[in-house]
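Since the structure comes first, as structure tokens, the remarks are kept for the end.
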Amino acid sequence: MRVALISSEFAPTYGWARYALELASALRAQGAEVVGIAQKNALAPSIDVYDAYHPILPSLVPRTSKFVPRTLRAVSRVRRATCGCDVVHVIAEPYTPMAALIAGRRPLVVTAHGTYVPQTAQQSSMSALYRWAYRRAHLIAVSAYTKGRVLEALPELDEARIAVVHNGVHFAAFQQPTPAPQKRGPTILTVGGVKPRKGTHVLVEAFAQVREHVPEAQLVVVGAHGGGYMRQLQERIAELGLEDAVHFSGVISDEALRGWYQHADVFALPSLNIGEQFEGFGLVFLEAGACGLPVVGTLGSGVAEAVRDGETGLLVPQNDAEALADALVRLLTDEALHARMSAAGREHARAQDWAHVAERVAALYRRWVG
């Protein structure tokens, strides 16, 4: 089978790009031919990711002005690049209208990662175009929660055309021993962009309570940060007297991130639903679990499918700093609970290795090709 994967990039840098990279690699390992279609300024991935590679799309990251019209003007180039492909699979949802125009009679597959499909179907100035394109497609939702939100936004969709396939993790990559980072005490790790939807402010409030029980605890925040929200966080951290205990690392290398995953004590991401924005799944929970790191997440989103509550970690209500602090203290102080969840998290991540996920995706391709 020859598959066209359409993404902004194929790289280990952010959600769409990482998903495209890992799926392409896993599909090729199973014998599929992969044609990568990416934005013009994308760095070419290594040769073992694709059989053909075409950086011909308008930029999505960062997003170019008049993005949708520019993608439509790329239709002829993309149609030529995907000639001979059996399936057209959109990884980065913003490219869906363009892909719907070039798919023809071939199955069009769109991965619904979270917020974007419901948002474009309801609030975008191009919502009519997106709704037409989504009705043309088969959708792979990364969680049952995401599937439900898609159906709420697009009730006209045939539910049978939406399959749920959870995100995957490159399990073996996280087993490579990595030197310990500069750890100064029992460490809570969080990974993701520092912004309200990730609940960083809730984590800071909870961490202040954690320090009352574990005075030497440290909080390490990995991810891009800046702007007014970051200034508010720093002001609150100063008010709480936590300047020496909260560390913002910014964006770091894969090796450095793996080091924190392997040597931290607990992982936490208290994400929030804000308006139409929500956490579709939460790959970082699988990455932490692959390193044997117990996790704490929040209820009411796709996170409840990334974390097995009471088994691989603990789930707490959204925007509840007290409940979050209680969960963190439990995992920092109960050695037996920590060990049990560490082992369970590793096995859960192993079961979600990209090789297994790609098998499920390839089976869907075969079903939809008919």
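General remarks:
- Single residue of the stretch 80-90 satisfying the filter (farther than 21 Å from N167 by Cα and touching a strand residue (DSSP E or B) at 6+ places or on another chain (Cβ under 8 Å)) that is surrounded by the most Cβ atoms within 10 Å (Cβ to Cβ): T82
- Every condition in (1) out of contact with any strand residue (DSSP E or B) (no Cβ under 6 Å at 6 or more places or on another chain); (2) assigned to a helix (DSSP H, G or I) holds for R77 except the one numbered (1).
- Count of the stretch 182-214 residues which are in contact with a His (Cβ under 8 Å, 6 or more places away or on another chain) and either surrounded by fewer than 18 Cβ atoms within 10 Å (Cβ to Cβ) or closer than 19 Å to G282 by Cβ (or both): 3
- Which listed residue is over 26 Å from V117 (Cβ atoms), under 21 Å from the mean Cα position of the chain (by Cα), in the same structural domain as Q209 (by TED's automatic domain parsing) and not β-branched (V, I, T), from L283, L337, L314, L328: L314
- Residue among L203, L257, L233 that alone is in a helix (DSSP H, G or I), hydrophobic (A, V, I, L, M, F, W, C) and within 23 Å of A11 (Cβ to Cβ): L257
- Within the stretch 91-139, the set of residues being touching a residue at least 40 places away in the same chain (Cβ under 8 Å), surrounded by fewer than 24 Cβ atoms within 10 Å (Cβ to Cβ) and β-branched (V, I, T) comprises T115 only.
- Criterion: within 25 Å of the chain's Cα centre (by Cα) and part of a strand (DSSP E or B) - qualifying residue of V61, V35, V117: V35
- In the stretch 215-230, the residue that is modelled with the highest pLDDT out of those that are in a loop (DSSP other than H, G, I, E, B) and surrounded by 15 or more Cβ atoms within 10 Å (Cβ to Cβ) is A217.
- For beta carbons closer than 6 Å, sequence separation of 6+ or different chains, a first residue in the stretch 340-354 that is touching a residue at least 24 places away in the same chain (Cβ under 8 Å) and a second that is acidic (D, E) and assigned to a helix (DSSP H, G or I), the qualifying pairs are W354/E22.
The values are calculated or read from the model by the stated rules, or taken from the named source; none is laboratory data. All figures in this text were calculated on a predicted structure; none of them were measured in a lab. Don't worry about glycine lacking a Cβ; one is built from the backbone with ideal geometry, like all the others, and counts go over all protein chains shown.
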